[in-house]
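The values are calculated or read from the model by the stated rules, or taken from the named source; none is laboratory data. Given the structure is predicted, the values throughout are model-derived calculations rather than measurements. Quick reminder, even Gly has a Cβ in these numbers, built from the backbone with ideal geometry, and neighbours come from all protein chains shown.
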Amino acid sequence: MKLLFVIHDITRGAGTEKATITLVNSLIKEGYEVEIISIASNVETPLFFQLSEQAIVHHNAGGTGKLRDIWTIKNILKDRRPYIIFGTGHNISFFLPFIKNSGSKVVALEHIDFVSIPKTSKKLIQFSYSKLNGIVVLSDNAKRKVFHLNKKVEVIPNQIVSSENQSDLSKELILLVGRISEEKAYERLVPIAEFLQKRYPTWKIEIYGSSEDEYKNSLLDLYQKNKLSNITICPPNKNIESKYVESSIFMITSKFEAFPLVILEAKSHGVPVVGFKNEGTESLINDGEDGYVVENSSDSISKIESLILDLQLRRHMGEKGRQNIQQYKEDHIVDKRVNFMNQLKK
């Protein structure tokens, strides 16, 4: 069976790209032929994550949102004739039903919280998503928000490659991993960092992620204005596993998340997670068991302090997290993917 994924930029080092590449690599191991259309990338740009050599990538070097990009995709689809075309975001999936070739199925893979989608885009989605052959979402919470858009909505989480390298949770480091952009709400760290600087000055906060310069600069100005010397913003790290192993608490401050893989990665390394309440944190953090879902900064400060003061609590939650990610391992998730694709033949 030939499959084709359409993505904005497969070379980026962000969550959607990592989830897509991990899925593609697994499907190729299962014997599927897989091609990728990367709308905005150039062939000269190296991929941040490792992709199977058997995957074929078409770099479109576009990404302007203009009709030229859609026309180019239509021509590639016409020549390739895949059985299933997967759109990896609403801004892609909404136009695929209108340019697909005869005989191909079209499936939307939703990676963001439906609530965060702009109103104009929601109108386009409501018009076009009924014409899809299916929608795959990452959690039951997400399904409740989109079930009205299509008769076939399937819950299939992203998969995790578990690690044998665990943190001993002794280092005084709070880690955040994610794109440096507004929806990640890193300004929420200010009262937390102020508290740490006064009460636990040896504890540090490190953020790793690609950046939108305007937002990154505003954050740096904000941290400097508040005289915070315990927060560091770092570029993406291809060896991010080493940072998980060095950390003792993982944090996620986002306003919106659908299924943040970074939570599962932290759990895989035995690190407890503190996350501000959103669709993704509620789905992936077992509150009070392998981490905490918090409502606001004061709540987060309370939970972080409890973890700082109690190494045994950190270790207990870290071990629970490692146990709780078993359901997201490759074999289990790939079986769900294969079953879903087989259902589309009926």
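Worth pointing out:
- For segment 261-274, the criterion of being of a type outside the set (S, T, N, Q), more than 19 Å from SER163 (Cα to Cα), surrounded by 15 or more Cβ atoms within 10 Å (Cβ to Cβ) and modelled with pLDDT of 95 or more is met by at least one residue.
- Just one of the listed residues (GLU110, GLU35) is touching a residue at least 60 places away in the same chain (Cβ under 8 Å) and of a type outside the set (Gly, Ala, Ser), and it is GLU110.
- Some residue of segment 320-333 being under 30 Å from GLY31 (Cβ atoms), in a loop (DSSP other than H, G, I, E, B) and either within 17 Å of the chain's Cα centre (by Cα) or not assigned by TED's automatic domain parsing to the domain that holds GLU187 (or both): yes
- Residues that are in contact (Cβ under 8 Å) with a residue 12 or more places away in the chain and under 24 Å from HIS332 (Cβ atoms), drawn from segment 161-176: VAL161, SER162, SER163, ASN165, GLN166
- The lone exception for GLU35 - which of (1) out of contact with any Pro (no Cβ under 8 Å at 6 or more places or on another chain); (2) closer than 21 Å to SER104 by Cβ it fails: (1)
Here's the yes/no breakdown for (1) of a type in the set (Phe, Trp, Tyr); (2) in contact with a Cys (Cβ under 8 Å, 6 or more places away or on another chain); (3) on the phi < 0 side of the Ramachandran plot; (4) at pLDDT below 95:
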{"position": "ILE160", "(1), (2), (3), (4)": "no, no, yes, yes"}
{"position": "GLU164", "(1), (2), (3), (4)": "no, no, yes, yes"}
{"position": "ASP168", "(1), (2), (3), (4)": "no, no, yes, no"}
{"position": "ILE174", "(1), (2), (3), (4)": "no, no, yes, no"}
{"position": "TYR186", "(1), (2), (3), (4)": "yes, no, yes, no"}
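- Against the test of being out of contact with any Ser or Thr (no Cβ under 6 Å at 6 or more places or on another chain) and touching a residue at least 24 places away in the same chain (Cβ under 8 Å), the options ASN141, ASN158 yield a single qualifying residue, ASN158.
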